[in-house]
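This is the structure I want to talk about, given as structure tokens.
The values are calculated or read from the model by the stated rules, or taken from the named source; none is laboratory data. For clarity, every value in this text was computed on a predicted model and none was experimentally measured. All Cβ positions, even for glycine, are placed from backbone atoms using ideal geometry, and neighbour counts span all protein chains on display.
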Amino acid sequence: MTSTTESSCTTETVKGTHRFQICQFSYGNVGDNDYIRSGTFRVGGFDWFIVYCPDANCIDGEEYISVYLELMSKYAEASALVDLRLINQVSGEPCTICAENNVPNQL
């Protein structure tokens with residue numbers, strides 16, 4: 001007895017841009033392990049937000065920041081190709097700080 005099965009999956013690729021501007025920031029007004037979160041925005045039918053942690057864990061005495069994209073849509077699964085950039089306030093030029101393909105956490 002022979003059994004034949006078949007399946008397919010079609011993915012949709014969409015692009016979106018969200019500009020998250022943090023005004024009048026200073027380390028004095030954000031405590032240890034605190035974060036600043038963007039407003040929720042929608043791309044590809046999913047709700048997302050950006051999280052900026054100015055006081056990320058230190059490694060070997062070096063100071064780091066942490067910036068990431070988080071999926072807010074409940075019970076959703078989505079993949080995202082992320083390109084996060086900081087803008088130099090003097091020159092106005094962007095500097096890529098993260099460009100990678102991650103699967104966001106499911107909420």
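Being touching a Phe, Trp or Tyr at 6+ places or on another chain (Cβ under 8 Å), at pLDDT 85 or above and loosely packed, with under 12 Cβ neighbours inside 10 Å narrows it down to one of GLY45, GLY39, so name that one. Walk me through it before giving the result.
Numbers: GLY45 fails: touching a Phe, Trp or Tyr at 6+ places or on another chain (Cβ under 8 Å).
Answer to the check: GLY39.
Something else about it: Could you list, in sequence order, the residues of segment 1-34 that are exposed (fewer than 15 other Cβ atoms within 10 Å of the Cβ), of a type in the set (Phe, Trp, Tyr) and either at pLDDT 80 or above or within 13 Å of LEU69 (Cβ to Cβ) (or both)?
none
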